[in-house]
Amino acid sequence: MIVITGATGALNGATVDHLLDRLPASELVVVARDVSTAQRFADLGVAVRHGDFADPSTLPAAFDGADQLLLVSSSDPAGDATSLHRAAVDAAISAGVGRILYTSHQGTSPDTPFGPGRDHAATERMLADSGISWTSLRNGFYSHSLGWMIGPWRETGTFAIPADGPVSWTSRADEAEAAAIIIAAINADPALSSYDGPVTLTASAAPTFAEVAEIASEATGRTVTRVVMEPDEWVAAQIAAGRPEFVARFSLGMYQAADQGYFEGTDPLLATLLGREPLTVRAELSAPPIAH
Ligand SMILES: NC(=O)c1ccc[n+]([C@@H]2O[C@H](COP(=O)([O-])OP(=O)(O)OC[C@H]3O[C@@H](n4cnc5c(N)ncnc54)[C@H](OP(=O)(O)O)[C@@H]3O)[C@@H](O)[C@H]2O)c1
């Protein structure tokens, strides 16, 4: 049995859809904080259980009987992600889960300026210490995030952001499909060791924002210019535009981590699993923007 958390969200919800193409619904269980939000899975014959990482008493029953547990990383930038993940890992140990697959991120490190990367590093440490088989799905940065990071470039022909470095912008839809392929492969062969530990899932290129501007120029036929802002100047501009300061500083950490090379590698595994080239930045910039 495969237990999936975060299925009411975009990433793991799409993974469940891909799993349903490969496995009977009776093999899947979805865990939701509010079970009514998972009705579409119940309608497809998937069992829905209540579970909230912030209420550990709900988790043993939620994870009971799982050969594999797909553990979503916390999505709250103001929350204590490490404690929430600790509760989930402890419950998985108590429930005797066979394997945990965790939605991590490329560039995890205790030293990265990108806050979630530090949380992912701590969670991967927990998984390594848990005694349970584990897979960390180190996803590339969602490519649709480019839309809000570079703002209304289509209208202005410019975007102004702090210094950066290469980022392996990757489609969330591709990451979700790859997770389902990995889970189905482990389901077919529980002794499979190819996916033990960290697994990096990225698109095939890692452009800098200067290169993103070139790609945007080629895609639209108009010149798009990338302007470099000083970090403090950029944070002040974000606050002036109405963003909370902690959100601006959280985002600044992403640019700083990119500048320090945390998101620069690419890995051919995603293309191999999908059997096609993952979505490119050019295709992303040519598509209508996604809200989140
Ligand atoms: N690779 C990237 O660039 C990138 C970017 C952003 C985020 N992420 C990470 O990837 C994860 C999945 O992305 P997504 O796009 O699917 O995010 P999403 O649409 O916001 O979904 C997050 C999911 O996590 C669940 N969740 C949140 N807190 C929980 C808790 N305390 N207990 C149980 N479930 C909880 C949510 O349940 P509810 O429906 O109850 O809210 C929702 O199903 C995010 O959570 C985040 O950690 C990665």
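Points to keep in mind about this one:
- Set THR112, THR37, THR8, THR58: member being hydroxyl-bearing (Ser, Thr, Tyr), within 13 Å of the ligand (Cβ to nearest atom) and in contact with a helix residue (DSSP H, G or I) (Cβ under 6 Å, 6 or more places away or on another chain): THR8
- If you go through segment 81-120 and keep only what is among the basic types (Lys, Arg) and under 21 Å from LEU252 (Cα atoms), you end up with just ARG118.
- The strands (runs of 3 or more DSSP E) found entirely in segment 93-178 that carry 1 or more residues being farther than 27 Å from GLU214 by Cα and not hydrophobic (A, V, I, L, M, F, W, C) are 99-105, 133-139.
- Spans of strands (runs of 3 or more DSSP E) in segment 1-74 with at least 1 residues farther than 14 Å from ILE183 by Cα: 28-32, 47-50
- Verdict on LEU84 being part of a helix (DSSP H, G or I) and over 20 Å from GLY13 (Cβ atoms): no
Conditions tested, residue by residue: (1) in contact with a strand residue (DSSP E or B) (Cβ under 6 Å, 6 or more places away or on another chain); (2) modelled with pLDDT under 95; (3) within 26 Å of ASP111 (Cα to Cα).
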site	(1), (2), (3)
VAL235	no, no, yes
GLY265	no, yes, yes
GLY275	no, no, no
GLU284	no, yes, no
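- Test: residue in segment 168-186 that is exposed (fewer than 15 other Cβ atoms within 10 Å of the Cβ) and not small (Gly, Ala, Ser): no
- Looking only at segment 126-148, and only at residues there that are at pLDDT below 95 and open to solvent by 20 Å² or more (accessible area, probe 1.4 Å), the one that is farthest from PRO231 (Cα to Cα): GLY147
- Where a residue in segment 21-36 is free of Cβ contacts under 8 Å to residues at least 24 places away in the same chain and its partner, wherever it lies, is more than 9 Å from the ligand (Cβ to nearest atom) and part of a strand (DSSP E or B), with Cβ under 6 Å and at least six apart: VAL35/VAL48; VAL35/HIS50
- Pairs with Cβ under 7 Å, 6+ apart, first in segment 53-79 and polar (S, T, N, Q), second near the ligand (Cβ under 9 Å from one of its atoms) and part of a helix (DSSP H, G or I): SER73/ALA81; SER73/HIS120; SER74/ALA81; SER74/LEU84
- Qualifying residue in segment 196-208 (condition: open to solvent by 40 Å² or more (accessible area, probe 1.4 Å), more than 16 Å from the ligand (Cβ to nearest atom) and closer than 25 Å to ARG86 by Cα): yes
- Of the residues in segment 121-135, at least one is in contact with a Leu (Cβ under 8 Å, 6 or more places away or on another chain), within 16 Å of the ligand (Cβ to nearest atom), over 29 Å from ALA248 (Cβ atoms) and β-branched (Val, Ile, Thr).
- Listed by first and then second residue, the pairs linking a residue in segment 1-19 that is farther than 24 Å from PRO190 by Cβ to a residue that is in a loop (DSSP other than H, G, I, E, B) and open to solvent by 10 Å² or more (accessible area, probe 1.4 Å), with Cβ atoms under 7 Å apart and 6 or more places separating them unless they lie on different chains, are GLY9/VAL72; GLY9/SER75.
- Per-region count, segment 22-47, residues open to solvent by less than 60 Å² (accessible area, probe 1.4 Å) and out of contact with any Phe, Trp or Tyr (no Cβ under 6 Å at 6 or more places or on another chain): 12
- Test: THR112 is under 20 Å from TRP169 (Cα atoms) and surrounded by 19 or more Cβ atoms within 10 Å (Cβ to Cβ): yes
- Which listed residue is under 17 Å from TRP169 (Cβ atoms) and surrounded by 12 or more Cβ atoms within 10 Å (Cβ to Cβ), from ALA257, ALA248, ALA237: ALA257
- Within segment 163-210, the set of residues being polar (S, T, N, Q) and free of Cβ contacts under 8 Å to residues at least 24 places away in the same chain comprises SER193, SER194.
The values are calculated or read from the model by the stated rules, or taken from the named source; none is laboratory data. What you see is a predicted model, and the numbers here were worked out from it, not measured in a lab. For neighbour counting, all protein chains shown are included, and Cβ atoms are generated from backbone atoms with ideal geometry for every residue, glycine included. Note: areas computed on protein heavy atoms with side chains; ligands, DNA, RNA excluded. Shrake-Rupley method; radii C 1.70, N 1.55, O 1.52, S 1.80 Å.
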